[in-house]
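Data block below; observations after.
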Amino acid sequence: MTNTWLVLESGHDLPPSIASLHRVPVLVDTSVLVASANRHDHINVYAQQVWHKIQAERCRPFTTNILVIEAHTLLLIRVQHTVTRS
């Protein structure tokens, strides 16, 4: 069994060298989780591109408990910051 790792850097277009990701397991990092949840995030458009690519290629997205906790913490901090500024 071969493990395929795909690293998508924040703020960059999807690499054209990716011909097909069909059914490849893809680790969804905190940056994509947080940017997807916040339309004002500077990489929101990129995060949406990543999700569309994952869906189109029928990839198997996965994450870890630690990444979910980290994303949750970052979102709480941003919400608190927004409420405090209001």
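Only the coordinates and a few stated rules stand behind these numbers; no lab work does. Since the structure is predicted, the reported quantities are computational estimates derived from the model, not experimental observations. For neighbour counting, all protein chains shown are included, and Cβ atoms are generated from backbone atoms with ideal geometry for every residue, glycine included.
Key figures for this structure:
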read-out	value
Two-site FRET efficiency, Ile69 against Arg23, from Cβ-Cβ distance with R₀ of 35 Å, rounded to 0.05	0.80
Sites Arg58 and His81 - FRET efficiency at Förster radius 25 Å, r taken between beta-carbons, to 0.05	0.10
Peptides 56-68, 33-45 ordered by average Cβ neighbours within 10 Å, highest first	33-45, 56-68
Cα gyration tensor category, rounded, prolate or oblate, for the stretch 26-85 with a/c compared to 1.5	oblate
